[in-house]
1. Taking LEU157 and the conditions (1) more than 30 Å from LEU124 (Cα to Cα); (2) exposed (fewer than 12 other Cβ atoms within 10 Å of the Cβ), which numbered condition does it fall short on, given that it satisfies the others?
2. Return the total of residues in region 163-193 being surrounded by 17 or more Cβ atoms within 10 Å (Cβ to Cβ) and within 21 Å of ALA83 (Cα to Cα).
3. Identify all residues within region 33-53 that are of a type in the set (Val, Ile, Thr) and assigned to a helix (DSSP H, G or I); write none if there are none.
4. So the check is Cβ under 7 Å with 6+ separation or different chains; which pairs have a first residue in region 46-60 that's within 8 Å of TRP82 (Cβ to Cβ) and a second one that's crowded, with 17+ Cβ neighbours inside 10 Å and polar (S, T, N, Q)?
5. Where residues in region 88-98 are over 14 Å from ALA40 (Cβ atoms) and in contact (Cβ under 8 Å) with a residue 24 or more places away in the chain, which of them is surrounded by the most Cβ atoms within 10 Å (Cβ to Cβ)?
Amino acid sequence: MELSQLVQTIAIYAIPVLLAITLHEAAHGYVARHFGDLTAYAQGRVSLNPVRHIDLVGTIIVPAMILVLSKFAGGAGLLFGWAKPVPVNYSALRRPRQHMIWVAAAGPGANLVMAICWAALFKLVSELPANYFSLPMLQMGRAGIQVNVILMLLNLLPILPLDGGRIVAGLLPRRIASRYARLEPWGFPVLLLLLFTSALGMILAPMISFSYRVIGTMFQI
């Protein structure tokens, strides 16, 4: 793969990845503040400024490496990353168990909204007269849909400490939720195992494909 193509790919994905990862975290902080937890707000993390949420490794290095490796391998890697986790003190929420569900769901919800916004941009650009910026904007719109759909579905997996795990913990009866929470130290190793054995891609692939079809149908793209 030529260096110019690699640079172009990174440039196309840079803004969608940055927004997808950082605004996901910001959404957690906004919803937590709404339900009474001011922890993130006190630390300046309830902000739409991506700089406040960037993690050098998770927001920049890991997504860039996945892009590079997938392009050299000639395939489409499962693009993911992370930002600095927004601190949430669940005991400070007015109704901890119920509100925890909404705080956890806010991140994937933000990714869904962004995926729809990128699809709307793609549709708008495709309908306008072609110009010098048309192709890059179409590519960026497609990248924005891809990145946000993947991050949304990945985070909805029922594995602690992912958002899906938090949602499940909030929905389970208290006693079962307590036992379920004890599995959290194993969550990240399990996620890595699924990733490196390609099982994660196989699990997510049907859901990703379905999401693309739904968004494509919505916007006729």
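1. Every listed condition holds for LEU157 apart from (2).
2. Result for region 163-193: 6.
3. Residues of region 33-53 that are of a type in the set (Val, Ile, Thr), as a first pass: 39, 46, 51.
Result: THR39, VAL51.
4. THR59/THR22
5. First, the residues of region 88-98 that are over 14 Å from ALA40 (Cβ atoms): 91, 94-98.
Of the ones still in play, those that are also in contact (Cβ under 8 Å) with a residue 24 or more places away in the chain are 94-95, 97-98.
On the way: ARG94: 10, ARG95: 11, ARG97: 14, GLN98: 12.
Restricting to residues being over 14 Å from ALA40 (Cβ atoms) and in contact (Cβ under 8 Å) with a residue 24 or more places away in the chain, the top hit is ARG97.
Each reported figure results from applying straightforward, stated rules to the coordinates on display, with no laboratory input. Note that the coordinates shown come from a computational prediction; the quantities given were computed from them, not determined experimentally. Glycine gets a Cβ as well: all are built from the backbone with ideal geometry, and neighbour counts include every protein chain shown.
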